[in-house]
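Each remark here refers to the structure printed beneath this line.
Every number in this text was worked out from the coordinates using simple rules, so none of it is lab data. None of the values given here were measured: they were computed from a predicted structure. Heads up, the Cβs are rebuilt from the backbone with ideal geometry, glycines too, and the neighbour counts pull from every protein chain shown.
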Amino acid sequence: MDYLDKSLSRKHKFNRFLQEKVLILLILVLGSVLMIAPFIWMLSTSLKEPGAVFTYPPEWIPASHITVTYQDTEYGLYKVMVNGKEEKVIKIKVFKNDADVMIYRDGKVIEEVIKVPANELKEFKKIKFLWRNYIEAWNAVPFGRFFLNSIIVGLCITFGQVFTSSLAAYAFARLNFKLRDQIFLGYLGTMMIPGTVTMIPVFILLKLMGWIDTYQALILPGMFSAYGTFMLRQFFLGIPKDLEESAFIDGASKFTIYLKIILPLSKPALATLTTFVFMGSWNDFMWPLIVTNSMEMKTLPVGLAAFQGLYTTNWTLLMAATVIVLIPVLMVYIFNQRYFVKGIVLSGLKG
Amino acid sequence: MAVIKLVQTRSKLYKMQFLKDNLTAYAFLGPNILGFLTFTLLPVLASLVLAFAEWDILTAPKFVGFANFWTLLQDKLFWKYFSNTIYFMLGIPVGMAVSLILALLMNNKLKGIVIFRTVYFLPVVSSMIAVALLWRWIYNPDFGLLNSFLRWIGIINPPQWLSSKIWAKPAIMIMWVWKGAGYNMLLYLAALQGIPQQLYEAASIDGASAWQRFWHITLPMLGPTNFFIVIMGIIGGFQTFGEIYVMTGGGPAGSTTTIVYYIYNNAFQWFKMGYASSIAWFLFIIIFIATLLQWKYAGQKVEYSVG
């Protein structure tokens with residue numbers, strides 16, 4: 001008896017456990033649907049015909065109204081019941097309540113006019129992806145140039161920031177010099193100042209230099225950061241000194257030590273900073289918006305915003321452009337996601 | 001004499017070495033410090049000076065004392081945009097709740113967690129401008145995905161979202177929750193996995209219910225993470241710009257204009273560099289105070305130790 005009781009309760013527990021898991025999975029799946037649906041909707045819209053987006057209920061799979069040519073005129077194909085059989089027809093004339101149609105069968109129009117109720121005519125649609133939208137969007141504004149600009153700016157800023165930050169971080173972590181702690185405090189103090197404060201004077205400075213609408217304006221202010229310096233300094237401090245000391249006895253210069261010992265040992269931190277800086281630069285909007293005027297100098301986000309200004313409600317093209325902008329990043333993410341997630345979360349935690 | 005000479009040469013050597021060390025250090029520091037001075041320190045000081053001036057870049061700047069700040073205090077638009085910005089921050093706790101629930105669910109050992117993580121992170125890695133554009137389409141009152149869905153479940157008159165003074169702000173907040181959920185979820189997940197299991201075991205032995213365990217163990221142990229998310233949310237919230245620029249342009253009737261948007265308009269549309277700078281400084285001071293307050297308040301709660 002006792003044994004039976006126990007096994008029963010165990011079974012009961014297991015059932016509850018299973019139910020819980022199923023419930024959790026269900027909620028997580030529902031959440032995933034909410035996360036993905038907008039992306040699918042974007043893809044679907046980007047492949048539709050312009051008119052096809054203005055339908056209710058919305059269609060998830062892009063489809064086109066099929067047309068046929070009859071006596072040099074294009075007619076849309078409809079489906080309707082004729083004598084209890086569903087037929088494809090073309091619409092010749094529409095009256096108030098009914099329409100004159102002709103049956104279309106085996107690629108030919110049967111020349112016999114039939115009257116059917118107009119509201120029973122249903123458009124005959126076939127799945128059709130309008131890839132043309134992408135070509136049109138790509139050619140409407142210089143997207144190739146935007147990509148190029150974003151890549152140039154992103155690479156320069158990332159390389160510049162990682163390089164200057166790691167040099168300075170090495171000095172702060174390992175070298176003794178006058179005013180070291182004061183300067184470091186100064187760095188820390190400015191980390192809290194929002195970009196909006198420095199934005200205006202930097203803009204004026206660049207304007208005085210005649211650098212508005214140039215790569216210098218896009219890149220230079222982004223090449224230095226107190227945050228990167230701070231983060232790398234913390235990491236360098238955690239590296240044991242033994243290796244450096246033996247290298248120093250062997251006569252290695254400080255720069256050699258930095259280049260050959262510190263940097264290789266800091267790969268995780270450098271990778272994190274690289275991901276973080278590149279993502280930040282790639283997605284930055286406000287600064288490139290302020291310092292660029294011409295289409296040729298815009299980066300992807302600013303270019304996309306400019307595209308929106310031109311095609312305000314042309315949703316198929318707008319969504320095609322959005323896909324063009326999003327796809328590369330999402331691809332890189334999906335194939336390197338472990339690394340991506342780590343970089344983003346780590347940089348957040350250490351910030 | 002010889003001893004003195006020796007000491008002198010030694011001290012000279014030390015000085016040489018000291019000089020050399022300093023030179024090396026400053027060589028390392030050089031590029032960064034140059035950038036730091038040019039693009040951070042000088043601009044900060046210049047901005048402070050500008051805040052007390054009137055300047056349209058074209059004509060000579062005029063020193064006006066505290067006039068900009070007086071104007072600011074009486075600027076009804078500024079206060080409206082300020083309250084807009086605060087209103088937007090109500091989205092922070094909502095987003096936190098969603099992310100925490102997701103993290104709690106994900107913290108169960110389930111198969112396929114990696115897939116969920118990948119999916120929830122898709123919006124995080126997407127560019128904000130692209131996401132804003134996508135959501136502008138989703139919020140389309142007549143043919144957008146959201147209103148189509150609302151009509152489908154029987155709501156005949158769904159909101160006009162971005163073109164409604166009442167709904168534009170919640171619309172942008174919903175988009176934020178969607179975009180940020182995966183990121184905060186991951187922060188929470190990392191924190192949850194760091195909570196020592198014996199705390200729960202001890203509580204279970206004492207007869208604590210699941211809810212009690214959540215309320216008295218999980219939530220307090222998440223203190224630092226909550227603190228971090230709130231601070232980042234406030235700082236980020238005060239700097240909201242791109243999505244507003246793309247989705248509403250600050251409208252309808254200024255109902256989604258944020259402070260940074262106002263700074264942008266003042267500086268780069270109307271060329272009131274001085275006034276824009278004074279708003280920027282006001283903003284900085286607010287962020288500073290908010291951070292300090294949070295720090296002080298959270299500082300007491302964050303400290304804990306597990307023996």
Practice task
Only residues of the stretch A:87-106 count here: report those whose backbone N is under 13 Å from the spot 7 Å along Cα→Cβ of A:ALA118, or say none.
Solution key: A:92-101
Handout entry: Computed magnitude of the charge dipole of the stretch A:142-310 (debye, nearest 20; Cβ of K, R +1, Cβ of D, E -1)
Key = 100
Exercise for the section: Mind jotting down the distance between the C-alpha centroids of the stretch B:123-150 and the stretch B:31-85, whole Å? Expected result: 35
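For A:ILE151 and A:ARG180 in the same chain, what is the full-extension length gain: residue separation times 0.36 nm, less their Cα-Cα distance, in nm? Please report the intermediate quantities before stating the final value.
Details: separation 29, 0.36 × 29 = 10.44 nm, distance 3.53 nm.
That pair, A:ILE151 and A:ARG180, stretches by 6.9 nm at full extension.
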Handout entry: Virtual paramagnetic centre 7 Å along Cα→Cβ of A:LEU259, amide N under 17 Å, in the stretch B:16-31
Key = B:24-25, B:27-31
Handout entry: Sites B:ILE235 and A:HIS12, calculated FRET efficiency, Cβ-Cβ separation with R0 41 Å, nearest 0.05
Key = 0.25
Problem - Percent RCO, i.e. relative contact order, over the stretch A:63-127, from Cα pairs under 8 Å lying at least 6 residues apart - result: 34
Practice task
Among B:PHE149, B:PHE228, B:PHE268, determine the one that fluctuates most according to a GNM of chain B built with springs between C-alpha atoms less than 10 Å apart.
Solution key: B:PHE149
Practice task
About the Cα centre of chain A, how large is the charge dipole given +1 on each Lys and Arg Cβ and -1 on each Asp and Glu Cβ? Please answer in debye to the nearest 20.
Solution key: 900
Problem - Size of charge dipole - the protein assembly as shown - debye, nearest 20, with Cβ of Lys, Arg +1 and Asp, Glu -1, no other charges - result: 1280
Problem - Rough spin-label spacing in nm, given labels placed 7 Å along Cα→Cβ, for A:TYR215 and A:LEU310 - result: 2.3
Practice task
May I ask you to derive the relative contact order of chain B, considering only C-alpha pairs under 8 Å and at least 6 residues apart, and to give it as an integer percent?
Solution key: 26
Exercise for the section: Enter the Cα centre distance for the pair the stretch A:117-194 and the stretch A:258-328, rounded to the nearest angstrom. Expected result: 3
Practice task
With label points built 7 Å along Cα→Cβ from the Cα atoms of B:HIS216 and B:GLN74, find their separation and express it in nm.
Solution key: 5.8
Problem - Cross-link reach list, lysines versus A:LYS13, counting only Cα pairs under 19 Å and skipping chain neighbours closer than eight places - result: A:LYS21, B:LYS109
Practice task
First select every other residue whose beta carbon is under 14 angstrom from the beta carbon of A:LYS178; then total the charges, Lys and Arg +1, Asp and Glu -1.
Solution key: +1
Exercise for the section: Using the Kyte-Doolittle scale, find the helices of chain B whose mean hydropathy is at least -0.5 and whose Cα atoms extend 20 Å or more along the helix's long axis, counting only whole DSSP H runs. Expected result: B:2-36, B:91-106, B:168-193, B:223-238, B:273-302
Practice task
With springs only between Cα atoms under 10 Å apart, run a GNM on chain A and tell me which of A:ASP106, A:ASP213, A:ASP242 wobbles the most.
Solution key: A:ASP106
Problem - Helical contribution to [θ] at 222 nm, DSSP H n ≥ 4, -39,500 (n - 2.57), averaged over the protein assembly as shown, rounded to 500 - result: -20500 deg cm²/dmol
Fill in the blank from the handout: The relative contact order of chain A, taking Cα pairs under 8 Å that sit 6 or more residues apart, comes to a percentage of 20
Practice task
Calculate, for B:LYS109 and B:MET16, the FRET efficiency according to 1/(1 + (r/R0)^6) with r their C-beta to C-beta distance and R0 60 Å; round to the nearest 0.05.
Solution key: 0.40
Handout entry: Rg and Dmax of the stretch A:1-121, Cα atoms only, in Å
Key = 27.4, 88
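Using the Kyte-Doolittle scale, find the helices of chain A whose mean hydropathy is at least 1.6 and whose Cα atoms extend 18 Å or more along the helix's long axis, counting only whole DSSP H runs.
Helices passing the filter in chain A: A:195-208, A:315-335.
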Problem - Nearest-0.05 FRET efficiency for A:VAL22 and B:ILE155, computed from C-beta distance (R0 22 Å) - result: 0.15
Problem - Set of lysines with alpha-carbon distance to B:LYS12 below 20 Å, sequence-local pairs under 8 removed - result: A:LYS178, B:LYS20
Handout entry: Above-threshold pairs, the threshold being 30 Å between Cα atoms, out of A:LYS122/B:LYS169; B:LYS80/B:LYS179; A:LYS125/B:LYS165; A:LYS298/B:LYS80
Key = A:LYS122/B:LYS169; A:LYS125/B:LYS165; A:LYS298/B:LYS80
